[in-house]
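Trainee: Have a look at the structure that comes next, please.
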Amino acid sequence: MTPQIATAIGNHTFSTPWTPDQVEAAISALAAHPRVASVERAEDDPWGRPQVRIVATDTARGDLDRVLHLWKALNAMRHTRAEAIAEHEAFERREAQRLATSREEAAYHALSPEQKEAMRREGAARLRELGIEPRSLVRVCNGLARGSYLPDADLEAWATYVREVVRGRNRPMDLGRYVAGCVTA
C-alpha cells in the first residue's frame, strides 16, 4: 500500500461522508498508483457516496475495469491479489485456531469434577516420572509471567511440562488445570 492510498483511506469507512477535497485527494492517490491504468470520477451512488471508474491490474479484487465506490477502490489497491489471498488464509488459520480453542474449553468445562481431578493427578504423576517436582513449576510459571531470568534447568522443566502434560492444549500457565497440587489464581 502506498502512503498516498493509506492517507486517502484515513479513518473512512464505507458509509463515512467524504468532502470534495478528500475525494479529489483520493482520486489523485489512485491515479498515482503504479498498477492503475486510469481512474476518473463517476456519478455518486443514490446515497451520495462517491464512485470512480477504475481500470487497474493485480488488485485485491483481481483486475478491475468498472465503477466502484471510492472507498472500495482504495481498499482494493492496498494489496496485490496474492497478498490479499495470503491475508485471507492467515485470517482463516487464526479463526480455526480460535475455534479449536473454544472447542477445547467447552470440552474441558464438560468434564466432571472427578475427571478433572484424574487429569490433574495424571499430569502430576507424569511430571514425577520425568523427575520434575510439580510444585517447582509454580516458581517457573511466576518467573515467566514476571519476565525474570530463569536458569536453563527451569526452562527445560517448563518445556517438558508443556510437551508432556499440556500437549498442545490451551492455557499452559494455568498449572492447577493440568497438575494436582498446583494452585493458580
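Trainee: Looking at (1) out of contact with any Ser or Thr (no Cβ under 6 Å at 6 or more places or on another chain); (2) open to solvent by less than 40 Å² (accessible area, probe 1.4 Å); (3) at pLDDT below 90, which is the only condition residue 171 fails?
Mentor: Result: residue 171 fails condition (2) only.
Trainee: Turning to a different aspect of this structure: Suppose the filter is among the hydroxyl-bearing types (Ser, Thr, Tyr), within 25 Å of residue 104 (Cα to Cα) and at pLDDT below 90; does residue 178 pass it?
Mentor: Details: among the hydroxyl-bearing types (Ser, Thr, Tyr): yes; within 25 Å of residue 104 (Cα to Cα): yes; at pLDDT below 90: yes.
Answer is yes for this residue.
Trainee: Only residues that are open to solvent by less than 60 Å² (accessible area, probe 1.4 Å), modelled with pLDDT of 85 or more and of a type in the set (Ser, Thr, Tyr): list them for the stretch 1-27, please.
Mentor: Scanning the stretch 1-27 gives a single hit, 16.
Trainee: So, residue 49, is that one of a type in the set (Lys, Arg), open to solvent by 60 Å² or more (accessible area, probe 1.4 Å) and farther than 24 Å from residue 86 by Cβ or not? Working first, answer last.
Mentor: Numbers: of a type in the set (Lys, Arg): yes; open to solvent by 60 Å² or more (accessible area, probe 1.4 Å): no; farther than 24 Å from residue 86 by Cβ: yes.
For residue 49, the condition - of a type in the set (Lys, Arg), open to solvent by 60 Å² or more (accessible area, probe 1.4 Å) and farther than 24 Å from residue 86 by Cβ - is not met.
Trainee: Further question: Could you please give the count of residues in the stretch 150-159 that are touching a helix residue (DSSP H, G or I) at 6+ places or on another chain (Cβ under 8 Å) and either over 18 Å from residue 126 (Cα atoms) or not aromatic (Phe, Trp, Tyr) (or both)?
Mentor: Residues meeting the conditions: 4.
Trainee: Let me ask another. Filter the stretch 155-168 for residues that are of a type outside the set (A, V, I, L, M, F, W, C) and surrounded by fewer than 17 Cβ atoms within 10 Å (Cβ to Cβ) and give the result.
Mentor: 156, 160, 163, 164, 167, 168
The values are calculated or read from the model by the stated rules, or taken from the named source; none is laboratory data. Bear in mind that the values here come from a model prediction, so they are computed numbers and not experimental data. With ideal geometry, Cβ positions are generated from the backbone for all residues, glycine too; neighbour counts draw on all protein chains shown. Ligands, DNA and RNA are excluded from the accessible area calculation, which covers all protein heavy atoms including side chains. Shrake-Rupley method; radii C 1.70, N 1.55, O 1.52, S 1.80 Å.
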